[in-house]
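To start, the structure itself, in structure tokens.
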Amino acid sequence: GAVVSQHPSWVICKSGTSVKIECRSLDFQATTMFWYRQFPKQSLMLMATSNEGSKATYEQGVEKDKFLINHASLTLSTLTVTSAHPEDSSFYICSARELAGAYNEQFFGPGTRLTVL
Amino acid sequence: AQKVTQAQTEISVVEKEDVTLDCVYETRDTTYYLFWYKQPPSGELVFLIRRNSFDEQNEISGRYSWNFQKSTSSFNFTITASQVVDSAVYFCALGYTGGFKTIFGAGTRLFVKA
């Protein structure tokens, strides 16, 4: 089956630093990747949709200058949390839609737990 | 508007009991997909099932079964003879046209006690 990896699986950083999270589709090409954020005991909230080679589309209320998304290839998307603050501490999950897959077939990564001190 | 409602926030059962997790969705699309995911404490989403809007057949997979009723916009999930390992958060989700987005319900936290 299709596999999506995320790196790192967890990260702890100081307030004010930037953190980059990678999302890779390991055995398929992903035209579209999605980034979600999940706060403790809450649901997954879509942050943005990124298509390979174009700018990401952010959901309402998500600061695009704070959450930089780059989808430079068909197998890699990155999310950079710039100048992270404690309120950015969350579980970040990516998903990837296969290039030639069935409608809305998405595969989720294992998530990255970010803790900002 | 696209919306998924999981009215049950938490459910607690004793092992071997049957439990049904409710899911009600809203969409104007005629073509859409419904999903159930399990999220254990590790956090990684585990895909359980996908059902498209044209397939109302119920499905059974081992102890799991799903009941899809378009007339009531519901896609309920039943675990038969629950086990402690079933303890997790379960999310119902809706996939629809327009960017291939997936909308998640709030989730139902299931506790299965030995």
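The values are calculated or read from the model by the stated rules, or taken from the named source; none is laboratory data. Computed from a predicted model, the values in this text were never measured in an experiment. Cβ: placed from backbone, ideal geometry, glycine included. Neighbour counts: every protein chain shown. Surface accessibility is based on the protein's heavy atoms, side chains included, excluding ligands, DNA and RNA. Shrake-Rupley method; radii C 1.70, N 1.55, O 1.52, S 1.80 Å.
List pairs: first residue in the range B:61-83 and part of a helix (DSSP H, G or I), second residue of a type in the set (Asp, Glu) and surrounded by fewer than 16 Cβ atoms within 10 Å (Cβ to Cβ) anywhere in the structure, Cβ distance under 8 angstrom, at least six positions apart or on different chains. Filtered contacts from the range B:61-83: B:LYS70/B:GLU56. Checking each residue in the range A:60-74 for being open to solvent by 50 Å² or more (accessible area, probe 1.4 Å) and not aliphatic (A, V, I, L, M) picks out A:GLN60, A:GLY61, A:GLU63, A:LYS64, A:ASP65, A:ASN70.
Each residue in the range A:5-24 was checked for being assigned to a strand (DSSP E or B) and either more than 19 Å from A:ALA72 (Cα to Cα) or touching a His at 6+ places or on another chain (Cβ under 8 Å) (or both), and 7 pass. If you check B:TYR37 against the conditions, is it aromatic (Phe, Trp, Tyr), more than 16 Å from A:GLN106 (Cα to Cα), surrounded by 13 or more Cβ atoms within 10 Å (Cβ to Cβ) and within 13 Å of chain A (Cβ to nearest Cβ)? Criteria not met by B:TYR37.
Is it the case, given these coordinates, that A:SER77 is outside any loop (DSSP other than H, G, I, E, B), under 21 Å from A:SER9 (Cα atoms) and of a type in the set (Gly, Ala, Ser)? Answer is yes for this residue.
Checking B:ASP86 against (1) among the charged types (D, E, K, R); (2) touching a Pro at 6+ places or on another chain (Cβ under 9 Å); (3) at pLDDT 95 or above, which test does it fail? Condition (2) is where B:ASP86 drops out.
The residues of the range A:47-59 that are buried (at least 20 other Cβ atoms within 10 Å of the Cβ) and either closer than 20 Å to B:GLN39 by Cα or away from chain B (no Cβ under 14 Å) (or both) amount to a single one, A:MET47. Mind checking which residues of the range A:33-44 are of a type in the set (A, V, I, L, M) and either surrounded by fewer than 17 Cβ atoms within 10 Å (Cβ to Cβ) or over 22 Å from A:VAL116 (Cα atoms) (or both)? Within the range A:33-44, A:MET33 is the sole residue that qualifies. Condition first: out of contact with any Cys (no Cβ under 7 Å at 6 or more places or on another chain), facing chain B (nearest Cβ under 10 Å) and open to solvent by 90 Å² or more (accessible area, probe 1.4 Å). Can you find one or more residues in the range A:1-19 that meet it? There is at least one residue in the range A:1-19 that is out of contact with any Cys (no Cβ under 7 Å at 6 or more places or on another chain), facing chain B (nearest Cβ under 10 Å) and open to solvent by 90 Å² or more (accessible area, probe 1.4 Å).
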